[in-house]
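A quick write-up on the structure given underneath.
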Amino acid sequence: MRLEITRKTNLAIRAMATLNEAGGRVSGKELAAAIETTTTFLAQVVTPLVRRGWVASQPGRTGGYELVVEAAELSVLDVIEAVEGPTDTKSCVLRAGQCSADNPCATHEAWSRARDALVNELAETPLTILSPHGVVQ
């Protein structure tokens, strides 16, 4: 598991928060401006969200993007994994390959607990507490 979130994932989270606040269709140009990216990169950002069935994409002059699920049903971890793929790859932080309880590295136990805590926190953080610019509770 990586301890960083890519720009694409950050923008995807912000796009979901923006669409949740909008409560309806938002043009690609408006959404790109709201999350501070280009319309070209926006398409790459939103594609995994459309594939998951969370966002509808309507092409054309009157088209745009719209959230089609309840944001409360999704967690930050859901969006991260939609864009980045699975977070628990079992990759060892000290050596190449996987790390396991059968063949642990020096930090296996501590890293496993830290990884589990981080994943649980992200899984328990609903999109509904996010604004496009950060957390609002």
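Structural remarks
- Failed item in (1) assigned to a loop (DSSP other than H, G, I, E, B); (2) open to solvent by 50 Å² or more (accessible area, probe 1.4 Å), with residue 53 passing the rest: (2)
- Annotation: residue 61 fulfils all but one of (1) surrounded by 12 or more Cβ atoms within 10 Å (Cβ to Cβ); (2) more than 19 Å from residue 5 (Cβ to Cβ); the unmet one is (1).
- Members of segment 23-48 found to be in contact with an Asp or Glu (Cβ under 8 Å, 6 or more places away or on another chain) and of a type in the set (A, V, I, L, M), listed by number: 26
- Top-ranked residue in segment 49-68 [being out of contact with any strand residue (DSSP E or B) (no Cβ under 8 Å at 6 or more places or on another chain) and modelled with pLDDT under 95; ranked as nearest to residue 11 (Cα to Cα)]: 59
- Scope segment 96-132; condition part of a strand (DSSP E or B) and either touching a Pro at 6+ places or on another chain (Cβ under 6 Å) or closer than 19 Å to residue 16 by Cα (or both); matching residues: 126, 130, 131
- Breaking point among (1) open to solvent by less than 30 Å² (accessible area, probe 1.4 Å); (2) modelled with pLDDT under 85, for residue 102: (1)
- Qualifying residue in segment 27-40 (condition: in contact (Cβ under 8 Å) with a residue 40 or more places away in the chain, assigned to a helix (DSSP H, G or I) and surrounded by 15 or more Cβ atoms within 10 Å (Cβ to Cβ)): yes
The values are calculated or read from the model by the stated rules, or taken from the named source; none is laboratory data. No experiment lies behind these values; they were computed from the predicted model shown. Cβ sites come from the backbone with ideal geometry, for glycine too, and all protein chains shown count toward neighbours. The accessibility values were calculated without ligands, DNA or RNA, using every heavy atom of the protein model including side chains. Shrake-Rupley method; radii C 1.70, N 1.55, O 1.52, S 1.80 Å.
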